[in-house]
Amino acid sequence: MGIRAIDTAFNYHGFAAHQTLASFGDLLAPFSVSTKVGYFPGAAGAVHSLDPGRLRYALEKTNRDLGRTPDLVFLHNPEQSVSGLPPEEARDCLTLACGVLANAAREGLCGAWGIASWRPGPLVCLVDGDTPRPDVLMVRSGLLVAIDTLDASESLAARWHLPAAAVWGMSPFGGRATDSIWEEINPKVFLRGDSARVCSRLQAAFRAAYYLPRVSSVAVGSDDPGHLRELLDSLGAEVNESTVARYRDLLRRQRGDSNSSSSRSASIRTAAPSST
């Protein structure tokens, strides 16, 4: 299909994702591999930690288990460990953790490093001139992302002066493309011209995810080859950026009008077209 990039994590597949990928031997060679560190095995399941020693261990084990140097390593959801800490302690914790990955890149334990954040809001106020600058920022993207998260993602990228090419999206369908929501709304309103006529609803939602927020790449599941092909076939579809801007304005207005509405329901209602 032309895909040459794989994204995984230290904790995926029961902490065996890297070994599983390595078991494919030469088949893995043509791919660039990005992965994430931050979650570790615990007595009751995965636990999150930004402890520099544990992160360094995860980076070294990643190299051993993959049998190669990962092209990119993300600090995985750092907000998990800094949320709730006093501001100065949280800032120091994030800076030290970023420093571990920045040093790893300089030492050849990874080709580049980044931040992957599901909830970037708590990170924005922690980034200052002492925080190492990542090469890539990965955030949630798509129609089910709350406006607060969209704004925080863009603010975090701006703090580090990251260009659009350095921002990636993930989870464009909120976890599952088979959810009934994708039959209840019509994301084709976000496309223009012939694209709105020929694309499926899932294809339209996928293309819109590149603009909510603005990202250069989107990570998707690869379990279903047919679904993957459908998404690839939509990459040339034209997105109506003015519609995206109006949609975001509607989300902001709704946030101001009713704080009791859920982020998900806000996205659902404003995405539904009056006619198509």
- [ ] Take the Cα gyration tensor of the range 33-76, multiply each eigenvalue by 5, square-root it, and list the three semi-axes largest first, rounded to whole angstrom.
- [x] 19, 11, 10
Task: Three-way shape call for the chain based on the alpha-carbon gyration tensor, with the a/c threshold at 1.5 - done: oblate
Task: Debye equation applied to the C-alpha atoms of the range 59-218, log10 I(q)/I(0) at 0.15 Å⁻¹ - done: -0.84
TODO: With viscosity set to 0.692 mPa s and temperature to 37 °C, compute the Stokes-Einstein D of the range 132-261, Rh being the Kirkwood radius across alpha carbon pairs; µm²/s, no decimals.
DONE: 215 µm²/s
- [ ] Report the residue, chosen from PRO132, PRO163, PRO30, that carries the largest GNM mean-square fluctuation when the chain is represented by alpha-carbon nodes joined by springs under 10 Å.
- [x] PRO30
TODO: Relative to the longest principal axis of the C-alpha atoms of the chain, give the angle of the C-alpha long axis of helix 87-107, reported between 0 and 90° and rounded to the nearest 10°.
DONE: 70 degrees
Open item on the list: Under the rule a/c < 1.5 gives rounded, and otherwise a/b versus b/c splits prolate from oblate, where does the range 105-176 land using the Cα gyration tensor?
Closed with: oblate
Open item on the list: Between 0 and 90 degrees, rounded to the nearest ten: what's the tilt of helix 147-159 against the longest Cα principal axis of the chain?
Closed with: 50 degrees
Task: Label-point separation, GLU230 to HIS48 (7 Å along Cα→Cβ), nm - done: 3.2 nm
Task: Segments 99-111, 41-53, 134-146 sorted - mean Cβ within 10 Å per residue, highest first - done: 134-146, 99-111, 41-53
Task: For the chain, built as a Gaussian network whose Cα springs stay under 10 Å, the top-fluctuating residue of TYR210, TYR39, TYR12 - done: TYR12
Open item on the list: Could you compute how fast the range 1-132 diffuses translationally, taking Rh as the Kirkwood radius over C-alpha pairs and applying Stokes-Einstein at 10 °C with viscosity 1.306 mPa s? Give it in µm² per second.
Closed with: 104 µm²/s
Task: Centre separation in Å (Cα based) which lies between the range 59-87 and the range 144-196 - done: 24 Å
- [ ] Pop a pseudo-label 7 angstrom from the Cα along the beta-carbon direction at both VAL124 and ASP249 and give the gap in nm to one decimal.
- [x] 2.0 nm
Open item on the list: Given a 1.4 Å probe and heavy atoms of the protein chains only, how would you sort ARG207, ARG119, largest accessible area at the top?
Closed with: ARG119, ARG207
- [ ] Determine the share of the chain's accessible area contributed by carbon and sulfur atoms, expressed in whole percent, with a 1.4 angstrom probe.
- [x] 51 percent
Task: Signed unit charges on C-beta, dipole axis of the range 143-200, positive-most listed residue ALA146, TRP182, VAL167 - done: VAL167
Task: Globularity ratio of the range 168-232, using Cα Rg and 2.2 N^0.38 Å - done: 1.05
- [ ] Express the accessible area of the chain per residue in Å², computed with a 1.4 Å probe while the remaining protein chains stay in the model.
- [x] 47 Å²
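The values are calculated or read from the model by the stated rules, or taken from the named source; none is laboratory data. These numbers were taken from a predicted model, which means no experiment stands behind them. So basically every Cβ, Gly included, is an ideal-geometry build from the backbone, and we count neighbours across all protein chains shown. Surface areas here come from the heavy atoms of the whole protein model, side chains and all, with no ligands, DNA or RNA. Shrake-Rupley method; radii C 1.70, N 1.55, O 1.52, S 1.80 Å.
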